[in-house]
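Working notes, beginning with the structure itself.
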Amino acid sequence: MTDIAPENMGDGTTVTRLRHHSPERRARTAKRFAAERRFKYLGLSAVLLAAAFLVLLLWTVVGNALPAFTAHYVKVPLDLTTEKLTKENAADFNYRKIVRAGFGGLFPDVKKRREKRSLNKLVSSGAAIAARWEVSDNLDWVGTKAEVLLPLSDTADLYFKDLLGDLSRPESERTISDKEIAWLKELDEQGRIERTWNTIFFSNGASRESEMAGIWGAVVGSFLTLIVTLALSFPVGVAGAIYLEEFAPKNRLTDLIEVNINNLAAVPSIVFGLLGLGIFINGVDFGWFTLGGGSPRSAALTGGMVLALMTLPTMIIASRAAIKSVPPSIREAALGVGASKIQTVFHHVLPLAMPGVLTGSIIGMARALGETAPLLMIGMVAFIVDIPGSLSDPATVLPVQIYMWADFPEIGFQQKTAAATLILLGFLVLMNGLAVVLRSKFERRW
Amino acid sequence: MDTLVDNIIAEASGKEANIKMRCRDVSVFYAEKQALNEVNLDIKPKQVTALIGPSGCGKSTFLRCLNRMNDTIDICRVTGEILLDNEDIYDPSIDVVDLRADVGMVFQKPNPFPKSIYENVAYGPRIHGLARGKAELTQIVEKSLKRAGLWEEVKDRLDEPGTGLSGGQQQRLCIARAIAVSPEVILMDEPCSALDPIATAVVEELIDELRQNYTIVIVTHSMQQAARVSQETAFFHLGNIVETGSTDEIFTNPKDPRTESYITGRIG
Ligand SMILES: Nc1ncnc2c1ncn2[C@@H]1O[C@H](COP(=O)(O)OP(=O)(O)O)[C@@H](O)[C@H]1O
Ligand SMILES: [Mg+2]
């Protein structure tokens, strides 16, 4: 036991030394220390590598996304004196001609049809719609001449953001011509170009024109979908967890159910999409009757139901863990004063488990928010211009919107993709942060 | 002499005036394993009955039969007969909720609810509907805390969490919580084993006072404690009751050699 060996110090005194100071021991100790050090450095480099990738990811996403949060507008004098335009029809009026005339008026020298056409391409094709929003917000402009901020086309916008690449290349290799550059420079010199917060991006639905495309439709779609998911999976998940943890007898059947719930949590999400397509949309035909079916395609309702299927196992597992972590002594205390089983669960166990249950739900919801594949299966990839107003309206969700935008070749859309990704990441960080806060705030009180 | 005659008459008429709980041939099985073997014990009213014996001999198991806390353990099976005031507590017509209101329990480790002191005591009366209105409930809380000897220490902070009290105070809070539903019997499973000597003395004193109003059954591993607080003692050994009798008898003049060697500290 005690590795102590007396050692002669040479000068006659004997000093008792621990035997691990022997050369073999010392060599072994050095080797062990070296191994530990190696392991430490290995772990550290793994962490650094992961951190580097995270920084790289954020760097590219943020770098690409930032330009999309602002946009360049041109101040155009609009002649709103035409008799056809009244305060009543201002919200329905077609402003195309007025916008053309107003913008063309800034360049009175441009006469040729072809030149006029390329000049007009500098403002967004959605400028007429933007003019409609502006005028219907400022009805007293009707009957006057007003200076109105209208969105530039994406090429013009990108020119001012200096994102069109090397402009010293020959004209034929650029997306913008020398003449267009000259026009834009002239507008800038006149002080008609303004860079502002890109409200269109935050308030619009999908659009073919990148400068008119926004994420609001997808945000609302995601929100509605998650509401359905939460409303279905939370009560069912918690009830299931309570039953399994507190009431179910421990036998083969419940063991089997438990194993299968754990398996379901690991099933690839696209399988749930197939399930949703089969049951909610098409219905299962048994000959004499059809099970399910008839759910609206590409609607938040159906998407939410599919994601609820996907989230349910996670929800049950998290809730069970939370319920299990409530100490048995609390149950005994309640039962001991004569509370019934149900009272024990609802008065004591569930309130104590709630922070854990909520944390689990938030994490489940965060996963559902980031999910794309199962929603592709039920047709939530449709090109949806209108903001969904109800659960059965066609809708899309943020990750699917990102997926669709990523497919468009225009540089403008590349930035929208990055911006939408950044917003999605923001939501996810927010939700996970909330979960962490909840967890640390309500950690064990007994 | 009179009581003897009374007892004989009661026995003859099938009633035991002097017995609060009567246990006959109680056996308990955890799955296949037998933890109690045909135990017989009579518990006298308004007295403290101590259950002593080496650990693992089934004291807690027996105690938990008396208010059917064993029902909560899936694998646990109880046979035999336990009467509370001549009513079989395992009869299908008996509701465990009512039973546990009559037979309260205090556990080994103080286990107040993570709620306010007031809520801890008020919870039982509330779920049993013992109080009409807030004022009456507050009265019950005050009375229970006074009986548990805790009132003076907590009356100014009834809103503070019960888990913030000291160990001894927590245990007295648990006693107040049990008292609040006005039980007739209070079961205590080593109520002082988690407390320091001073808190233990306070609780022991309290138990002695409670005897005036309640029948108390207490499991203890401390011989001195059993001698100090109890009038009756039952000695458990390996799932059997080896000896029962008045505490004085058992401690001064044990009949069974196993009891004697346990009391003198040779087995334990
Ligand atoms: N929940 C349980 N499941 C299985 N066996 C148990 C359980 N509780 C107690 N036992 C067993 O029953 C026997 C008696 O235990 P217990 O009544 O706790 O003893 P004591 O309180 O006298 O120390 C022990 O052998 C113990 O292992
Ligand atoms: Mg015990």
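The values are calculated or read from the model by the stated rules, or taken from the named source; none is laboratory data. All values derive from a computational prediction rather than experimental measurement. In this analysis, Cβ positions are derived from the backbone assuming ideal geometry, glycine residues included, and neighbour counts consider all displayed protein chains.
Does A:I181 satisfy the condition of being assigned by TED's automatic domain parsing to the domain that holds A:T86, more than 30 Å from A:I384 (Cβ to Cβ) and without any contact (Cβ under 8 Å) to a residue 24 or more places away in the chain?
Yes.
Taking only the range A:82-101 into account, find how many residues are in contact with a strand residue (DSSP E or B) (Cβ under 9 Å, 6 or more places away or on another chain) and in contact (Cβ under 8 Å) with a residue 40 or more places away in the chain.
Summing the residues that are in contact with a strand residue (DSSP E or B) (Cβ under 9 Å, 6 or more places away or on another chain) and in contact (Cβ under 8 Å) with a residue 40 or more places away in the chain in the range A:82-101 gives 2.
For every residue, the table says whether it meets (1) among the hydrophobic types (A, V, I, L, M, F, W, C); (2) surrounded by fewer than 19 Cβ atoms within 10 Å (Cβ to Cβ).
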| position | (1), (2) |
| --- | --- |
| A:I129 | yes, no |
| A:E134 | no, yes |
| A:D140 | no, yes |
| A:K145 | no, yes |
| A:S153 | no, no |
| A:L158 | yes, no |
| A:D162 | no, yes |
| A:R169 | no, yes |
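Looking at A:F413, A:F408, can you tell me which residue is in contact with a Lys or Arg (Cβ under 9 Å, 6 or more places away or on another chain) and more than 14 Å from chain B (Cβ to nearest Cβ)?
It is A:F408.
Hey, among the residues in the range A:61-78 that are farther than 14 Å from A:I423 by Cα and either surrounded by fewer than 14 Cβ atoms within 10 Å (Cβ to Cβ) or among the β-branched types (V, I, T) (or both), which one's nearest to the chain's Cα centre (by Cα)?
Top of the filtered list is A:T70.
For the range A:60-96, enumerate the residues that are in contact with a Gly (Cβ under 7 Å, 6 or more places away or on another chain) and among the hydroxyl-bearing types (S, T, Y).
First pass over the range A:60-96, keeping only residues in contact with a Gly (Cβ under 7 Å, 6 or more places away or on another chain): A:76-81.
Scanning the range A:60-96 gives a single hit, A:T81.
On the basis of being within 20 Å of the chain's Cα centre (by Cα), β-branched (V, I, T) and within 14 Å of chain A (Cβ to nearest Cβ), does B:V121 make the cut?
yes
When B:Q231 is evaluated against the numbered criteria (1) away from ligand 2 (no atom under 16 Å from the Cβ); (2) closer than 18 Å to B:T247 by Cβ; (3) within 14 Å of chain A (Cβ to nearest Cβ), which criterion, by number, is the only one it fails?
(3)
If only one of B:S230, B:S222 is surrounded by fewer than 18 Cβ atoms within 10 Å (Cβ to Cβ) and either within 16 Å of ligand 1 (Cβ to nearest atom) or touching a residue at least 60 places away in the same chain (Cβ under 8 Å) (or both), which one is it?
On the way: B:S230 fails: surrounded by fewer than 18 Cβ atoms within 10 Å (Cβ to Cβ).
Matching residue, one of B:S230, B:S222: B:S222.
Among the residues of the range B:72-90, write down those that are within 12 Å of ligand 1 (Cβ to nearest atom) and either in contact (Cβ under 8 Å) with a residue 12 or more places away in the chain or away from every other protein chain (no Cβ under 14 Å) (or both).
Those that are within 12 Å of ligand 1 (Cβ to nearest atom) and either in contact (Cβ under 8 Å) with a residue 12 or more places away in the chain or away from every other protein chain (no Cβ under 14 Å) (or both): B:I73, B:I75, B:C76, B:R77.
Output the number of the condition that A:L149 fails; it satisfies all remaining conditions of (1) exposed (fewer than 14 other Cβ atoms within 10 Å of the Cβ); (2) at pLDDT 85 or above.
Unmet condition: (1).
Looking at the range B:39-81, which of the residues that are within 16 Å of ligand 2 (Cβ to nearest atom) and basic (K, R) is nearest to B:Q224 (Cα to Cα)?
That would be B:K59.
List pairs: first in the range B:50-64 and within 14 Å of another protein chain (Cβ to nearest Cβ), second within 10 Å of ligand 2 (Cβ to nearest atom) and not hydroxyl-bearing (S, T, Y), Cβ under 7 Å, 6+ apart or cross-chain?
Between residues of the range B:50-64 that are within 14 Å of another protein chain (Cβ to nearest Cβ) and residues that are within 10 Å of ligand 2 (Cβ to nearest atom) and not hydroxyl-bearing (S, T, Y), the close pairs are B:S60/B:D189; B:S60/B:V219; B:L63/B:L51; B:L63/B:D189; B:L63/B:V219.
From B:I186, B:I198, B:I216, which residue is away from ligand 1 (no atom under 16 Å from the Cβ), away from every other protein chain (no Cβ under 14 Å), surrounded by 22 or more Cβ atoms within 10 Å (Cβ to Cβ) and modelled with pLDDT of 90 or more?
B:I216
From B:K20, B:K15, B:K46, grab the single residue that is surrounded by fewer than 16 Cβ atoms within 10 Å (Cβ to Cβ), under 16 Å from the mean Cα position of the chain (by Cα) and either more than 9 Å from ligand 1 (Cβ to nearest atom) or at pLDDT 95 or above (or both).
Criteria check complete, one pass: B:K46.
For the structure I just gave you, tell me whether A:F413 is more than 21 Å from A:G273 (Cα to Cα) and in contact with an Asp or Glu (Cβ under 9 Å, 6 or more places away or on another chain).
For A:F413, the condition - more than 21 Å from A:G273 (Cα to Cα) and in contact with an Asp or Glu (Cβ under 9 Å, 6 or more places away or on another chain) - is met.
Kindly list the number of the only condition in (1) over 16 Å from the mean Cα position of the chain (by Cα); (2) closer than 30 Å to B:Q212 by Cβ that fails for B:V28.
(2)
Say whether the condition of being closer than 23 Å to B:N67 by Cα, surrounded by 15 or more Cβ atoms within 10 Å (Cβ to Cβ) and at the interface with chain A (Cβ under 9 Å from one of its Cβ atoms) is met by at least one residue in the range B:129-141.
no
It is to be established whether one or more residues within the range A:284-301 are more than 14 Å from every other protein chain (Cβ to nearest Cβ) and in a helix (DSSP H, G or I). Let's see the steps before the verdict.
The first filter runs over the range A:284-301 and keeps only residues more than 14 Å from every other protein chain (Cβ to nearest Cβ), leaving A:284-301.
Restricting the remaining residues to those that are in a helix (DSSP H, G or I) gives A:300-301.
Yes.
Just name the residue that is nearest to B:D102 (Cα to Cα) out of those in the range B:142-169 that are away from chain A (no Cβ under 14 Å) and touching a Phe, Trp or Tyr at 6+ places or on another chain (Cβ under 8 Å).
Across the range B:142-169, the extreme among qualifying residues is B:L145.
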